[in-house]
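Here's the structure we're looking at; comments come further down.
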Amino acid sequence: MEQFSNSIVDISYQQTGAATAVNALGMREMQALAYEARDKRFLLIKAPPASGKSRALMFIALDKLVNQSIKKVVVAVPEKSIGRSFKNTNLMNGGFFANWEVPPYFNLTDVKNEQDKKGRFKEFFLSSKAKVLVCAHATLRNATKELSDDTFNDTLLAIDEFHHTSADANSNLGDVVRRVMYHSSGHIIAMTGSYFRGDGIPVLRPEDEAKFFPITYNYYQQLNGYKYLKNLILGYHFYHGSYLDHIGEVLDTHKKTIIHIPSVNQRAATGLGKYQETADIMKVIGTLDHKDYNTGIYYLKAADGRMLKVADLVEDEQKERNMVQAYLQNIKDRDDVDIIIALGTAKEGFDWQWCEMCLTVGVRGSLTEVIQIIGRCTRDCEGKETARFVNMIAMPEAEQAEVKVAVNDFLKAITASLLMEQVMAPSWKFKTVKDDDDPHEDLAHTIVVEGLKPLSSAKTKTIVESQLDDLKAAILQDDMVVKALSGSTTAETITQHLIPKVIRERYPDLNEGEVEEVRQRVLLDTIIKGNDIVDEKGNPISTIPDDDDDKPSEGNRLIKIANRFINIDKLNINLIDTINPFQRAYEVISKSVDAKTLKVIQDTIAEQKYDMTLEQAITLFKGPLKEYVAAHEGKVPSVDDPDPKVRELAIALQKIKNLKQRKLSGLEYEE
């Protein structure tokens, strides 16, 4: 049976070295940006994996301890393995005034130091000498239940992977944040690479988020500023049957790889159990030579004779798991491990700089998880020019009963690829007039748009400057948008109704004028990113030459969209509203999928937009629909008819047709 592999995103970066170069204090670009805001009480750092958030926290925390009357620092990470990122670090060698030091007794993420973590957490606040504690989110949640709010007076609480927090009233981590904010004098630093959640619940309530000072550093800034990593490729591999039969088609054992297998509840799971799946994957990698019982690492001999070191993080037995995690926390060389097999770990904050490829089986539940996994292979490292993320996704099969599940899988893959294409492209600044030039402005990424509403408030300026990618993530995760963007819904419905709906939900304090300002920037930014900016001769414009005589005029800036040229000075916002900016990746996937399967998927997507049961459709089909066709000389009703009753008949007809097609394709499902 044929499989399909498709690279949705393949982006090259300039390797400027800016992202990893350090200043006189030993700070990288993002860290210096965050350090400028070190005096803020509530600081929200949004930056990609591997951008240096942990060290940024060290710089700011030490300044607060020495210069801002903060007496203690608590760092909370989602899982123990991430505690390695906050280990003792010599900062003075780089020019900073102090080193980062964590007392072993108060490093509650050390797998060799497991006893009475809740007790030591409480003891930390009673110790006059202890300044820094590192713990897991679970320890923070459990221990603070037995502490009063004023315990956090004069304390800095730093939460890594802050998207684990939730505005939901039942979120224990969110409750800790609100207690520190409103019932103590404590400070908070929130750090995350993806400021959105898979369940659609906001990370913070709007009134709480408004109190945080945002620092945003995006994927493009990071990857473009790397020294070694040049390319990032995101691909999707569609397979029939069991993924175990096809994983060898995409697994390259010459590349340092993290394999994430599906949980038992995912459709991609084989039913064999996670241990058997892990064992079968190891057989694909090579033949077992031996296992090191001091480290838990498996040594497998590949077909060409190479000895590969494989770490199994699927294992649940605590002693075995701790042994492997301890080994991974202390790897110092590229050859210390070759492949890691994991299930729920090795995602957020997991630091393996030599990782070149992330191979993920099954559609992930949220864009947050996708971005976190991709971040495992995007650390800059000598000898690593290309990083790859490959997602194996099951194609609909003839014997599969629930085609809607398969459709949903495809839509998740599409939205993930769309978002990554957006966050990895350069940001553009849009101007409303041409005569307000700033001599320091980067004209290479500035576009003048006629009819664009100016940003009228500090709130909308903040959203546009630092939160557009987060907003687009929210748009792409909205159920109504997901169903509409790949169906027959008009572009106007998506851009003029569904997108404003998401903006209002995310920013309820915006008035209608401000919603419109933000909506226009969302559409412009989405359309511009991922398309070529060309001059009047069709040549790409990546940067503007320094020589003024060679600069193309603003009047000659053109954007190529959907194989037609549009003069950027005449890019009227009404024209933008006729373009569906979120549809391109679906069209790319469409070219790779066989026509019969695609037709079933497209028809099912279209059908899902309407709330009509099969019983209702059959009733209309047998009565009113036949009467309509007879009365109109054989003409069938149209879903575009202005009469809602006629549209209802058209929907019923489409539902019956889809049912018949699925029966012929073996893809019938029950209502």
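The values are calculated or read from the model by the stated rules, or taken from the named source; none is laboratory data. Source: prediction; values computed, not measured. Backbone-built Cβ (ideal geometry, glycine too); neighbour counts: all protein chains shown. Each accessible area value is taken on the protein alone, full model and side chains, heavy atoms only, with ligands, DNA and RNA left out. Shrake-Rupley method; radii C 1.70, N 1.55, O 1.52, S 1.80 Å.
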What's the ranking of 280-288, 204-212 by average number of surrounding C-beta atoms within 10 Å, highest first?
280-288, 204-212
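Can you tell me which of 314-322, 462-470 comes out highest on packing, and rank the rest after it, using the mean Cβ neighbours within 10 Å?
Details: 314-322: 13.4, 462-470: 19.7.
Top of the packing list down: 462-470, 314-322.
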Straight-line reach from LYS112: which lysines have Cα under 17 Å away, leaving out those fewer than 8 places along the same chain?
LYS80, LYS87, LYS319
A correct Karplus calculation of ³J(HN,Hα) over segment 632-639, with 6.51 cos²θ - 1.76 cosθ + 1.60, θ = phi - 60°, whole Hz and x for Gly and Pro, returns 10, 6, x, 6, 8, x, 10, 6
Order 334-347, 109-122 from most to least packed using the mean count of other Cβ atoms within 10 Å.
334-347, 109-122
Averaged per residue, the 1.4 Å probe accessible area of segment 9-90, protein heavy atoms only, in Å², is roughly 37
Tabulate in residue order the Karplus-calculated ³J(HN,Hα) for segment 256-271, using 6.51 cos²θ - 1.76 cosθ + 1.60 with θ = phi - 60°, rounded to whole Hz; enter x for Gly and Pro.
5, 9, 10, 9, 9, 8, x, 6, 4, 8, 7, 5, 6, 4, 7, x
Counting only other residues whose beta carbon sits under 12 Å from that of THR89, what net charge do I get with K and R as +1, D and E as -1?
+2
The ³J(HN,Hα) series, computed from each phi in segment 366-376 with the Karplus coefficients 6.51, -1.76 and 1.60 at θ = phi - 60°, rounded to the nearest Hz and given as x for glycine or proline, is 7, 5, 4, 5, 4, 5, 4, 5, 4, x, 5
Straight-line reach check, LYS301, cutoff 21 Å on alpha carbons, 8 or more apart in-chain or any other chain, hits among lysines -> LYS255, LYS256, LYS283, LYS291, LYS309
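For segment 181-302, what does the accessible surface come to per residue with a 1.4 Å probe? Please give it in Å². The partial results should precede the final answer.
Details: 4930 Å² over 122 residues.
Roughly 40 Å² per residue, with all protein chains present.
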Env charge @ GLY623, Cβ radius under 14 Å, K,R +1 / D,E -1, value 0
In the structure shown, of LYS46/LYS459; LYS347/LYS412; LYS64/LYS227; LYS46/LYS117; LYS635/LYS655; LYS46/LYS227, the pairs separated by more than 25 angstrom at the C-alpha atoms are LYS64/LYS227; LYS46/LYS117
